[in-house]
Amino acid sequence: MNAEIDQSTLLKPDEKKVHHDYSKFSVGCILLFPALGGFLFGYDIGGTSVIIDQIKSPDLSGVDWFSTVKDSSFLQGALTSGSIFGAIIGSLVCFKIELIIGRKRELIFASVFYFIGAALKFASSLDWTKNDFSIAILLIGSIIYGLGIGFSMHGAPTYISEMSPSSVRGFMVGMKEVFVVTGILIGYLIGYIFRDTEKGWRYVALFPVFPAIILFIGMYSLPCSVRWLLVTGKHDNAMKSLEFIYKTVPLDILNDIEIAATSNNKEATFADLFRGMNKLAMIVGVGVLILQQITGQPSVLYYANTIFSDAGLSSLASVLLGSFKVVVTLCAVFRVEKYGRKKLLLVGSLLMLVALVVLGISFLNN
């Protein structure tokens, strides 16, 4: 290996422990700052539900183009799915440039997109913007915000998994999902706070700029992920990243670095996904994600305020929904090692089926 290692910073084989002595503060930062990207993704789900609902109101929208949105199901759908469209673009871009910019820069770019997108959505409510121009700004802001979602949801779990100590890696990646559902809850909650405020939706749209700034500063201060540094041949910097986590760099991790540094890092092709063991893993992984999305359950979250309003309930119901989602996600994260991922997935799928059937029947009866 090219990098010269100070042997005094390494644990000897007979001193090696099962749980390496890592810095809890550093590990906390490795979780907190990247997971803010997930938080802002979740916030978009909860916040969009509130924004669309208020923009359609002649009393609360505070804009003269509310009727254009209210009378157009296409516009409502476009404004709701604009961030998802941006996320698709962002994910495809990350797939091409991830090895060039690394996970850290992915999340820094995500923070910038989040900031610009939220600022544009807020700007669409200002008096100097009129009618179609305002709607265009709101839509563009949603798409740019979606780019942040694409970059962050690609970079955050990867960065966390590559930087976390092995003893807490699964828990750390799971906690990222808690940040996502917490973002959904906060989006509903802020919407509830401004539910009776004229132009209250613009404050809901503006809120993400503050977490985006924290995300930018936090990721700028964190080191690049160890694996990316190794793949790009920056072995000295990889050791510095490890020293950020561990008080003394364990010998077994050093050996892993030496193996990674001297191995042939052949880039996989798209066709490799359909060969050998990769084929089954891809079918299961992608299949679960696709089936989870096409059930329509994400749409229920995006339109929660509208659904509850049609049912005669206040926006407080959305806050209760978000709170319940946080509690259930925390239970899953803390119980996954006991019950296993497959069992939790089967129980969750069954409960989702029951909930969607009940929801569908309620719409038919209405």
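The values are calculated or read from the model by the stated rules, or taken from the named source; none is laboratory data. Remember, it's a predicted structure, so these values are computed and weren't measured experimentally. Heads up, the Cβs are rebuilt from the backbone with ideal geometry, glycines too, and the neighbour counts pull from every protein chain shown. Just the protein is used for accessible areas: all its heavy atoms, side chains included, with ligands, DNA and RNA removed. Shrake-Rupley method; radii C 1.70, N 1.55, O 1.52, S 1.80 Å.
What to note about this one:
- Considering only the Cα atoms of the chain, their convex hull presents on average a projected area of 20.4 nm².
- Shown for region 77-173: the carbon plus sulfur share of the solvent-accessible area, taken with all protein chains present and a 1.4 angstrom probe, equals 74%.
- Over all other residues within a Cβ to Cβ distance under 12 Å of Leu139, the charged ones net out to 0, with Lys and Arg as +1 and Asp and Glu as -1.
- When nucleic acids and ligands are ignored and a 1.4 Å probe is applied, Glu243 ends up with an accessible area of around 90 Å².
- Above-threshold pairs, the threshold being 29 Å between Cα atoms, out of Lys24/Lys96; Lys247/Lys343; Lys176/Lys342: Lys24/Lys96; Lys247/Lys343
- Each peptide in 115-122, 62-69 was scored by the mean count of other Cβ atoms within 10 Å over its residues; highest first, the order is 115-122, 62-69.
- The residues of the chain have, on average, 53 Å² of accessible surface per residue, using a 1.4 Å probe with all protein chains present.
- Kyte-Doolittle mean at least 1.0, axial Cα span of 27 Å or more - DSSP H helices of the chain: 24-55, 73-123, 169-193, 276-294, 316-339, 341-365
- Inter-label distance for Val93 and Lys343, nm, one decimal - labels placed 7 Å from Cα along Cα-to-Cβ: 4.3
- Part-to-part distance (alpha-carbon centres) for region 179-244 and region 97-144, which is given in Å: 15
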